[in-house]
Protein chains: 2
Amino acid sequence: MAITVVGSVAFDSIETPAGKRDRCLGGAATYFSLAASYFTNVRVIAVVGEDFGKRQEAVFQERGIDTRGIERAKGKSFFWEGSYMDDLNQAKTHITDLNVFAAFEPKIPEVYGDSEFLFLANIDPVLQKRVREAMPGAKMVAGDTMNYWIKDHKPALLEVLKGLDVLLINDTEVRMLAGKDNLVQAARAVLEMGPSSLVVKHGEYGATLFHGTAAKGKAFRAPALPLEEVVDPTGAGDSFAGGFFGYLAAQKEITPAAYRNAMFYGSVMGSFACERFGTERMQQLSRKEIDERFELFRELTHLD
Amino acid sequence: MAITVVGSVAFDSIETPAGKRDRCLGGAATYFSLAASYFTNVRVIAVVGEDFGKRQEAVFQERGIDTRGIERAKGKSFFWEGSYMDDLNQAKTHITDLNVFAAFEPKIPEVYGDSEFLFLANIDPVLQKRVREAMPGAKMVAGDTMNYWIKDHKPALLEVLKGLDVLLINDTEVRMLAGKDNLVQAARAVLEMGPSSLVVKHGEYGATLFHGTAAKGKAFRAPALPLEEVVDPTGAGDSFAGGFFGYLAAQKEITPAAYRNAMFYGSVMGSFACERFGTERMQQLSRKEIDERFELFRELTHLD
């Protein structure tokens, strides 16, 4: 089944202990759609500026991603500059230039209308809600958010959460959203806000899935791969989301076992994302490499 | 097979968001031996003061732990006072009174001589080495240490590492010991110092086992249980070590599969330790409860 994703397509300048890159293609919708494209058809809704050229367009097209929903606006694309010199788990933001993204009004191509899966990447919850309402045919909706929206736009965010099947956020965000320090208590509080499943991303320690039954202590933990070199963690969370949701969208039936596999595929895609700068690794994977790493994750965690 | 453990037997005053306890029985050797006692015979080498009475002695005896190696000295037992009010993952130490522990000279009862398993809990590496040399019959030796010994007593610690089969330390300690930020690189460097296996404890995120083959990327990750209430994390790491090493000592043959199970039993015992203050939970478990929780850990991590 096709996934429509709405979110940022951007340029990133990144510095890590492994080196530096200027103006790589980035953005949540970019990482998400590249990762998900190994599992199912993906359609993007975003806005870019005049600096988004054929070379960037080709990155999507080579993975068969539908870019008809990427609007070209006058001005420059969203630009982010950050570094991970002290802590690979935590980006330090130097510059955030919203540029054309500041006035983003998602426009949904009619041909996207039959998408049964919808991913609302980290953008203004007012826009997330508008896209969700404009796509009533979406049977399963997942989304992301960040501290900024949790802190200063909570009422709008709570409206979005009511309509989500799966929320994917990190440890800090789930604790902030729930106002509780204990992860299980925080997860339960967030599940009461609407989503029937919650994926909490722990960075280098993997991720935990809490179901609506979290009240009964039901959870599933996927590890992260211990990597010898983390070249660039930018986009690892969005790539996790792409692997997770892409796998689910490709299933005939979404069973508890499918959720578990999806957690592993999410971790697999997140681990690949960190191996090179920007989207480099995400552009050039094969399904064989992905499935081999899935087996590595199984060996890493299974008793027999 | 019997395990001999050398380490601290102490009194702890603990404050956590769940409450406060004065002078609970504590110490690394106490938690370790209680946890290991559910799997095999355990013998303790430690020193206590005149404040260690029949009530404390009974905690060991009720679990069938051999206390003939616990020396009674004039003065007071090791005392620690700490709190976890801001962060349950990190104790804040208020008082450390070494008392009789300051002049600890481990004395090994002759009856302990046939122990095939030896655990060197976190004490002065000079003493760890002395005990190891005094027990040449030990076929498998595991140990722990802490930032203080890594920072200020490294040469003595490196001598101990040469004779260890398994080192169990936490994230911060492995990075400090290796002088490397990346966990895989740090683990490899530590494995080159002597131990053939390294267990890195990640607190609420579980633990990772690196084998001598870590150079080839071989690792195993055990999760921690997402707990709804962490009453008191004191001793969780020592209880992990007790479950891990106790399980191994009970096996006829120490296979890679045994190591994996041991990682899970370590996590199981660590999770129980957090559920009540001090050693309360560790004193009153049943093997049935332990094995049920082991199955819960399997469900938490396994795809099918």
Matching residues in region A:195-210 - criterion: being over 16 Å from residue A:264 (Cα atoms) and either open to solvent by 20 Å² or more (accessible area, probe 1.4 Å) or within 7 Å of chain B (Cβ to nearest Cβ) (or both): A:196
Residues that are assigned to a helix (DSSP H, G or I) and among the acidic types (Asp, Glu), drawn from region A:169-195: A:171, A:173
Filter result for residue B:93 (crowded, with 22+ Cβ neighbours inside 10 Å, closer than 20 Å to residue B:122 by Cα and touching a Gly at 6+ places or on another chain (Cβ under 8 Å)): no
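Yes/no per residue for (1) under 21 Å from residue B:118 (Cα atoms); (2) surrounded by 22 or more Cβ atoms within 10 Å (Cβ to Cβ):
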site: B:158; (1), (2): yes, no
site: B:165; (1), (2): yes, no
site: B:170; (1), (2): yes, no
site: B:174; (1), (2): no, yes
site: B:178; (1), (2): no, no
site: B:181; (1), (2): no, no
site: B:184; (1), (2): no, no
site: B:189; (1), (2): no, no
site: B:193; (1), (2): yes, no
Condition broken by residue B:145, with the remaining ones in (1) of a type outside the set (Lys, Arg); (2) touching an Asp or Glu at 6+ places or on another chain (Cβ under 9 Å); (3) within 29 Å of residue A:18 (Cα to Cα) satisfied: (3)
Test for residue B:115: is it open to solvent by less than 70 Å² (accessible area, probe 1.4 Å) and closer than 29 Å to residue B:252 by Cα: yes
Residues (at positive phi, without any contact (Cβ under 8 Å) to a residue 40 or more places away in the chain and touching a strand residue (DSSP E or B) at 6+ places or on another chain (Cβ under 6 Å)) located in region B:11-70: none
Members of region A:57-77 found to be closer than 19 Å to residue A:96 by Cβ and crowded, with 20+ Cβ neighbours inside 10 Å, listed by number: A:77
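Yes or no, residue by residue, for (1) within 14 Å of chain B (Cβ to nearest Cβ); (2) closer than 22 Å to residue A:169 by Cα:
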{"residue": "A:69", "(1), (2)": "no, no"}
{"residue": "A:84", "(1), (2)": "yes, yes"}
{"residue": "A:87", "(1), (2)": "yes, yes"}
{"residue": "A:100", "(1), (2)": "no, no"}
{"residue": "A:105", "(1), (2)": "no, no"}
{"residue": "A:120", "(1), (2)": "no, yes"}
{"residue": "A:126", "(1), (2)": "no, yes"}
{"residue": "A:135", "(1), (2)": "no, no"}
{"residue": "A:143", "(1), (2)": "no, yes"}
Residue identified as touching a His at 6+ places or on another chain (Cβ under 7 Å) and not aliphatic (A, V, I, L, M) among B:81, B:105: B:81
First in region B:287-304 and more than 7 Å from chain A (Cβ to nearest Cβ), second anywhere and of a type in the set (Val, Ile, Thr), Cβ under 9 Å, 6 or more apart: B:290/B:268; B:291/B:268; B:293/B:268; B:294/B:268; B:296/B:268; B:297/B:268
Any hit, region B:8-15, residues being surrounded by 15 or more Cβ atoms within 10 Å (Cβ to Cβ), touching a Ser or Thr at 6+ places or on another chain (Cβ under 8 Å) and over 25 Å from residue B:231 (Cα atoms): no
Conditions (1) under 19 Å from the mean Cα position of the chain (by Cα); (2) in a strand (DSSP E or B); number of the one not met by residue B:63: (2)
Selection within region A:255-286 - facing another protein chain (nearest Cβ under 9 Å) and either among the aromatic types (Phe, Trp, Tyr) or in contact with a Cys (Cβ under 8 Å, 6 or more places away or on another chain) (or both): A:264
Residues satisfying the stated conditions in region B:227-254, i.e. without any contact (Cβ under 8 Å) to a residue 24 or more places away in the chain and within 11 Å of chain A (Cβ to nearest Cβ): B:228
Any hit, region A:69-78, residues being of a type outside the set (D, E, K, R), within 18 Å of the chain's Cα centre (by Cα) and at pLDDT below 95: no
Residues (farther than 11 Å from residue A:225 by Cα and either within 17 Å of the chain's Cα centre (by Cα) or open to solvent by 50 Å² or more (accessible area, probe 1.4 Å) (or both)) located in region A:283-298: A:283, A:284, A:287, A:288, A:289, A:291, A:292, A:295
Residue among B:275, B:280, B:229, B:253 that alone is more than 27 Å from residue B:10 (Cα to Cα) and surrounded by fewer than 20 Cβ atoms within 10 Å (Cβ to Cβ): B:253
Scan of region B:10-42 for residues that are in a helix (DSSP H, G or I) and either charged (D, E, K, R) or touching an Asp or Glu at 6+ places or on another chain (Cβ under 7 Å) (or both), ordered by number: B:28, B:31, B:32
Within region B:211-222, tally of residues that are out of contact with any Phe, Trp or Tyr (no Cβ under 9 Å at 6 or more places or on another chain), more than 8 Å from chain A (Cβ to nearest Cβ) and either open to solvent by 10 Å² or more (accessible area, probe 1.4 Å) or at pLDDT 95 or above (or both): 4
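The values are calculated or read from the model by the stated rules, or taken from the named source; none is laboratory data. In this text, all values refer to a predicted model and were calculated from it rather than measured experimentally. For neighbour counting, all protein chains shown are included, and Cβ atoms are generated from backbone atoms with ideal geometry for every residue, glycine included. Side chains are part of the model used for accessible areas, which takes the heavy atoms of the whole protein and leaves out ligands, DNA and RNA. Shrake-Rupley method; radii C 1.70, N 1.55, O 1.52, S 1.80 Å.
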